[in-house]
Amino acid sequence: MGPIRGFKRRKKAAEKVVDQNNDLPSSSAATVASPLGSQPQPLDWWDEFSKRISGPLSKSKDSKSFESVFRISRKTFNYICSLVKEDMMARQSSFSDQNGKPLSLNDQVAVALRRLSSGESLSIIGDTFGMNQSTVSQVTWRFVEAMEERGLHHLNWPSTEAEMEQIKSKFEKIRGLPNCCGAIDITHIVMTLPTMDPSNNVWFDREKNYSMILQAVVDPQMRFRDVIAGWPGSLSDAVVLRSSGFFKLSEEGKRLNGKKLNILEGTEIREYIIGDAGFPLLPWLFTPYQGKGLTDLQIEFNKRHAATRMVAQMALARLKEMWRIIHGVMWMPDKNRLPRIVLVCCLLHNILIDLEDEALDDMSLSHHHDTGYRRQNCESSDQSALVMRDKLALYLTGKLPP
């Protein structure tokens, strides 16, 4: 996956919305960085860096453990350094700590990762590592830019039939849904914004918070396969979906256009994703049955649907738990930069999965990622999708006529 289209031009005026399909052309290929082993680092980097830690973190027994401070393994840290090295070190900088000591690549990546993973303020991060707030801010943003350029190949739609077949197989093993290619969900990044500024009203959502939306399509391993971030929280799930590149590609038959499943002579189920009732029912997006008085067959379909959809909820919960800069309430964030920070958090989330980082073993599998937000309901439904959902429900219970 290549660099964001127009990326260089947007460094001075960033887009408010980062849509993987509009901004990240799937036809481009990003260069995979070589392992950091080819660029030896001082063996005692962490021993030296950990001595700089001050403030409350220094009094914690966890301050001596690299994994506790950064919540990732040293192997993953080294790989991330290898990804961003060329971009972060290409430009001359005067980044240094308060003692005037220049910050190495490892120092800079460590500061940025701590900022993203802890969600602590610039002042707390600066006090912890002995540097100015402005240095923490600039280093973190340079890291975000470098990850956008070098890490995008970790977030892409399956490019081969074999890869997609593996995804379908894993989804089917959850609760039997065949030919399913993804689960979609939306979460809110909550912000504190000045209430007196009328231009902020668009960010005021139905739960009376200021928020920004992240929409994500997830595979069975909780890996993000498609994301869009930046739309105001006042918009409904359905509107955000219809505004996304994923919707356009799917409607045009350029996505979810692989093998169809023959469930009955003359009846085929195309590739599809699943989402909750906040999304419209479409030929390529199956939502649960709504309303009262559902039949046993419909109830059974909803149970299977909910159990399979859980991977998207858990992925978003893990994203916010791991990268706490987007968890809780953000204090007056730059709304132009925030979508790009969210994207980089999604890239880091995927990197941990791709590298099978041991840190994931210690994380709880919660599915609560939008606390305080009620489920939305979308009444929109495609007639052909209604028919296909019914046939799929019959297929799942073995009640299709011979």
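The values are calculated or read from the model by the stated rules, or taken from the named source; none is laboratory data. Quick caveat, the model's predicted, so the values are computed rather than measured. A quick note on method: Cβ atoms are made from the backbone with ideal geometry, for glycine too, and the neighbour counts reach across all protein chains shown. Heavy atoms of the whole protein, side chains included, go into the accessibility calculation; ligands, DNA and RNA do not. Shrake-Rupley method; radii C 1.70, N 1.55, O 1.52, S 1.80 Å.
Does residue 116 satisfy the criteria of being in contact with a Phe, Trp or Tyr (Cβ under 6 Å, 6 or more places away or on another chain), under 29 Å from residue 331 (Cα atoms), open to solvent by less than 50 Å² (accessible area, probe 1.4 Å) and free of Cβ contacts under 8 Å to residues at least 40 places away in the same chain? Criteria not met by residue 116. For residue 368, the requirement of being open to solvent by 70 Å² or more (accessible area, probe 1.4 Å), in contact with a Lys or Arg (Cβ under 9 Å, 6 or more places away or on another chain) and either closer than 24 Å to residue 18 by Cα or touching a residue at least 12 places away in the same chain (Cβ under 8 Å) (or both) is not met.
Would you check if there is a residue in the stretch 218-232 being over 19 Å from residue 314 (Cα atoms), among the polar types (S, T, N, Q) and under 19 Å from the mean Cα position of the chain (by Cα)? Looking through the stretch 218-232, none of the residues is over 19 Å from residue 314 (Cα atoms), among the polar types (S, T, N, Q) and under 19 Å from the mean Cα position of the chain (by Cα). Cβ-Cβ distances below 8 Å connect the following pairs, each with a first residue in the stretch 193-205 that is among the acidic types (Asp, Glu), a second residue that is part of a loop (DSSP other than H, G, I, E, B) and open to solvent by less than 80 Å² (accessible area, probe 1.4 Å), and a separation of six or more residues or different chains: 205/233; 205/234.
Residue 287 passes every criterion in (1) more than 21 Å from the chain's Cα centre (by Cα); (2) β-branched (Val, Ile, Thr); (3) surrounded by fewer than 23 Cβ atoms within 10 Å (Cβ to Cβ) apart from (3). Just one of the numbered conditions (1) polar (S, T, N, Q); (2) touching a helix residue (DSSP H, G or I) at 6+ places or on another chain (Cβ under 7 Å); (3) not in a loop (DSSP other than H, G, I, E, B) is not true of residue 313: (2). The set of residues in the stretch 114-127 that are in a helix (DSSP H, G or I) and under 24 Å from residue 347 (Cβ atoms) comprises 114, 115, 116, 117, 118, 122, 125. Residue 52 satisfies every condition listed in (1) surrounded by fewer than 19 Cβ atoms within 10 Å (Cβ to Cβ); (2) at pLDDT 95 or above except (2).
Has the stretch 391-398 got any residue that is farther than 29 Å from residue 75 by Cβ and either within 26 Å of the chain's Cα centre (by Cα) or aromatic (Phe, Trp, Tyr) (or both)? Yes, because at least one residue in the stretch 391-398 is farther than 29 Å from residue 75 by Cβ and either within 26 Å of the chain's Cα centre (by Cα) or aromatic (Phe, Trp, Tyr) (or both). Checking each residue in the stretch 89-108 for being under 22 Å from residue 119 (Cβ atoms) and part of a helix (DSSP H, G or I) picks out 106, 107, 108.
Which one of these is in contact (Cβ under 8 Å) with a residue 40 or more places away in the chain, of a type in the set (Gly, Ala, Ser) and touching a Leu at 6+ places or on another chain (Cβ under 9 Å): 229, 277, 312?
None of the others qualify; the one that does is 229.
What number of residues within the stretch 321-353 satisfy the criterion of being open to solvent by 60 Å² or more (accessible area, probe 1.4 Å), in contact with a helix residue (DSSP H, G or I) (Cβ under 8 Å, 6 or more places away or on another chain) and either modelled with pLDDT under 90 or not in a loop (DSSP other than H, G, I, E, B) (or both)?
Total satisfying the criteria: 1.
Put simply, of 67, 145, 86 the only residue that is more than 23 Å from residue 18 (Cβ to Cβ), of a type in the set (D, E, K, R) and part of a helix (DSSP H, G or I) is 67.
The residues of the stretch 290-304 that are exposed (fewer than 14 other Cβ atoms within 10 Å of the Cβ) and in a loop (DSSP other than H, G, I, E, B), listed by number, are 291, 292, 293, 295.
The residue that is surrounded by the fewest Cβ atoms within 10 Å (Cβ to Cβ), among those in the stretch 151-162 that are over 20 Å from the mean Cα position of the chain (by Cα) and part of a helix (DSSP H, G or I), is 162.
When the stretch 57-90 is limited to residues that are open to solvent by 50 Å² or more (accessible area, probe 1.4 Å) and touching a residue at least 24 places away in the same chain (Cβ under 8 Å), the one that is nearest to the chain's Cα centre (by Cα) turns out to be 71. The selection criterion, being touching a helix residue (DSSP H, G or I) at 6+ places or on another chain (Cβ under 6 Å), within 25 Å of residue 307 (Cβ to Cβ) and part of a strand (DSSP E or B), does not hold for residue 273. For the stretch 305-320, the set of residues classified as in contact with a Pro (Cβ under 9 Å, 6 or more places away or on another chain) and buried (at least 19 other Cβ atoms within 10 Å of the Cβ) consists of 305, 308, 309, 311, listed by residue number.
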